[in-house]
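Asks: Shown below is the structure under consideration.
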Amino acid sequence: MEIDDRKKEIAQYIGKKILDLRKSQKLSREQFAEKTNLSANYIYEVEKGNSIPGCIALIDICNFCEIAPSNLLGKYLDTNIYTASELINTNFQRLSNYDKKLIIDMINLLANR
């Protein structure tokens with residue numbers, strides 16, 4: 001695969017992941033852009049796979065969505081890069097506040113026995 005083809009494939013993969021994240025949070029492109037300190041046009045270009053987010057944009061997106069960068073880059077990283085803490089954190093964010101409290105209480109209970 002040539003570099004340009006690989007770059008386009010990665011851009012489309014990351015763009016789709018970001019589009020899915022934005023839609024899962026029920027945010028318009030403008031709302032998502034505002035919350036991630038990016039422009040709506042930039043988000044559009046990334047979601048369409050026309051642009052790959054730079055490091056700072058990637059950090060801003062991950063911080064807002066409370067995910068590890070490997071969630072966006074996973075397919076292109078070695079599988080060993082996924083740690084238990086990243087997987088737990090990703091799934092933890094999907095829980096209700098009540099369930100989060102239960103999990104924290106269980107962890108504290110197990111850690112202190």
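Asks: When F64 is evaluated against the numbered criteria (1) assigned by TED's automatic domain parsing to the domain that holds I103; (2) surrounded by 12 or more Cβ atoms within 10 Å (Cβ to Cβ), which criterion, by number, is the only one it fails?
Replies: Result: F64 fails condition (1) only.
Asks: So, in the stretch 1-46, how many residues would count as being within 13 Å of the chain's Cα centre (by Cα) and of a type in the set (D, E, K, R)?
Replies: 5
Asks: With the structure loaded, tell me whether I14 is in contact (Cβ under 8 Å) with a residue 24 or more places away in the chain and either among the basic types (K, R) or part of a helix (DSSP H, G or I) (or both) or whether it fails that test.
Replies: Spelling it out, I14 is indeed in contact (Cβ under 8 Å) with a residue 24 or more places away in the chain and either among the basic types (K, R) or part of a helix (DSSP H, G or I) (or both).
Asks: Keeping to the stretch 53-92, report how many residues are of a type in the set (V, I, T), assigned to a helix (DSSP H, G or I) and at pLDDT below 80.
Replies: So the answer is 4.
Asks: Of everything in the stretch 29-52, what is without any contact (Cβ under 8 Å) to a residue 12 or more places away in the chain and outside any helix (DSSP H, G or I)? Give them in sequence order.
Replies: Scanning the stretch 29-52 gives a single hit, S39.
Asks: Starting from the stretch 93-113, keep only residues that are outside any helix (DSSP H, G or I), then list their pairs with residues that are of a type outside the set (A, V, I, L, M, F, W, C) and surrounded by 10 or more Cβ atoms within 10 Å (Cβ to Cβ) whose Cβ atoms are within a distance under 7 Å, requiring at least 6 positions of separation or different chains.
Replies: Qualifying pairs under 7 Å: Q93/E66.
The values are calculated or read from the model by the stated rules, or taken from the named source; none is laboratory data. As the structure is a computational prediction, the values presented were derived from the model and not from experiment. With ideal geometry, Cβ positions are generated from the backbone for all residues, glycine too; neighbour counts draw on all protein chains shown.
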